[in-house]
1. Indicate, rounded to the nearest 5 percent, the antiparallel portion of the DSSP beta bridges found entirely in the chain.
2. Kindly list the residues of the range 1-18 that lie in the label zone of K256, defined by a backbone N under 15 Å from the point 7 Å along the Cα-to-C-beta vector.
3. Taking Cα pairs under 8 Å and at least six residues apart, what relative contact order does the chain come out at, in percent?
4. Quick one: which residues, 5 or more positions from G536 or on another chain, have an amide H under 5 Å from its amide H? H modelled 1.01 Å from N in the peptide plane, none for Pro or chain starts.
5. Share of antiparallel DSSP beta bridges in the range 104-215, in percent to the nearest 5?
6. When only C-alpha pairs under 8 Å and at least 6 residues apart count, what is the relative contact order of the range 133-190, in percent?
7. Out of residues 5 or more away from L416 or on other chains, whose amide H comes under 5 Å of its own, with H placed 1.01 Å from N in the peptide plane?
8. How many angstrom separate the Cα center of the range 454-502 from the Cα center of the range 238-314?
Amino acid sequence: MISSSELREKYLQFFKEKGHAVIPSASIIPENDPTVLFTPAGMHPLVPYLLGEPHPEGARLCDVQKCIRTIDIDEVGDTSHCTFFEMLGNWSLGDYFKEESIKWSYEFLTSDKWLNLDVTKIAISVFEGDDDAPRDEVSAGVWQECGIPKERIFYLPKKNNWWIAGDAGPCGPDTEIFIITDKEPCSPECSPACDCGRYLEIWNNVFMEYNKKPDGTYEPLKKKNVDTGMGLDRTIAVLQGVSSVYETDLFAPIIKKIEDLSGVNYGKDPETTEAMRIMADHIRTATFMIGDEKGITPSNVDQGYVLRRLIRRVVRHGAKLSWENGNAWKIASVVIDIYKDVYPELVENKSRIHDELNKEEARFAKTLQRGLREFEKVASEMAEGDTIDGQTAFHLYDTYGFPIEITVEMAEEKGLKVDTNGFDEAFREHQEKSSAGAEQKFKGGLADSTEATSHLHTATHLLHAALRNMFGDTVEQKGSNITAERMRFDFSFERKIEPDELKELEDWVNRAIEAKIPVIMEELPVDKAKAQGAIGLFSSKYGNTVKVYTIEGYSKEICGGPHASNTADLGRFEIQKEQSSSAGVRRIKAVLIKD
Ligand code: SER
């Protein structure tokens, strides 16, 4: 039986044989993109290249990317939805298009040299067409040529067969590949659009021909790209012949450990089975969040709050298994063991993973019992079908640390509802008051390669260099987030930066701007770039070629770009705020003022 490691290897091998360069997985914390908290798809770190920026590894790329999506968190506990997953992806940047892409997917899935899947179990969906783009007869035709009969090719609308990351950016019609499971069709109309479980999506081939502009209109992209993504967890479940991802080699040891620690058998009854799945999924995701190269810690904002919610949910579901607090790190050790060869950062950050899980479990354990009593009191005064108001839900959050999902779940178990809009409102009001996290999101992003963001990107390199020049090489970038209006830069540093030091940093950057230095890009093997003293976050698992941006005398950094062509274009650099971001990490917000 094929293992998950073999599937990763086979996938990369197959696409290498088709002329693709293997690139490393990026961090799960996106770089320079305020529109998403986590990397949601393999294509996400590649957005600048899908918009036309040349990639140093060429026009054919493939990788295995770690991804996090929490949008379907309510579905976790079923057989296939996970908050963390790996995406096997291959891309054509203006090179091959529909025909090669579809034929290669078919070959990889069905050839006995590769996955050898039963062709009769494969169903396909293609875009049915609308005012923005035509019906995708081309893709349907190629699938038929491959041997998929018409009755297993479904034409579906934009809702199903159009892919875009967020509201704007590169996008286009897609063709999705499904495995037909043993579940009977739910109705005569049952199709891959239906979520009854008969059709399991494993691979999505997106034909990116358009750029959706912020005003909602579509313009053709300069180059037509292909972006495909195959879910490793789901595909391995199919290949290993099991009915849920939790029985694959990616999850079985985690479930076994939960069984050992709780004394409860998986599969014994639906409630504890669901709890075990949720715990396994959430601890795996938390392990990847804390153990990432840009590791995060639990907090009340942004990524840190998502992490906090996951760990707290583990504690709450653990209570259903008479689970002892302080066990999560033991599960995390199993997760690290499963993934250690593919993601060595988990091993490097093992003690941080253990510490943070322990601390957060202990924090929540302190208030959980009192919070549960408070909840019982509220619930006892209500009748079935009643709604818990937003203020009460917020009180449970604010005083006892109950994330809203926990309150909703507990309410559902008692036949009650929760006014989640009211909760959001109370939450927002509170945030505005404390001004934490009230910052506007969903502007800019990787799809925004305007002049303003390119210039801010160059300013970020200069600030990074200024910090290291002033405080030494222990200052390391921890994150960067750019909108059209401002830049935000997080870096390792133990103390507050004094106003006169901020002024010195500003002056240093402004000197580089006034010196009117060209920003030069070179493509170099990663080792050579490092030998030249280039700084940067990129790992070199595959000895890749990288882009190095040099501002002679000031900065040399590995980066995807795009950048200003000369520092003279930047205007005046002004630091607006310096603050703590998390333990040992400071944050600087700055703008460029153009005269
Ligand atoms: N971007 C597409 C997806 O995430 C294909 O990679 O499904």
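1. Once the DSSP bridges in the chain are tallied, antiparallel ones form about 90 percent.
2. Answer for this model: 4.
3. So the answer I get is 12 percent.
4. Long-range HN contacts for G536: I558.
5. If I count the DSSP bridges inside the range 104-215, around 80 percent turn out antiparallel.
6. Value for the range 133-190: 24 percent.
7. G385
8. 35 Å
The values are calculated or read from the model by the stated rules, or taken from the named source; none is laboratory data. Quick caveat: nothing in here was measured; it's all calculated off a predicted structure. Because the Cβ atoms are built from the backbone with ideal geometry, glycine has one as well, and the counts that use them run over all protein chains shown. Accessible surface is based on the protein model in full, side chains and every heavy atom, while ligands, DNA and RNA are left aside. Shrake-Rupley method; radii C 1.70, N 1.55, O 1.52, S 1.80 Å.
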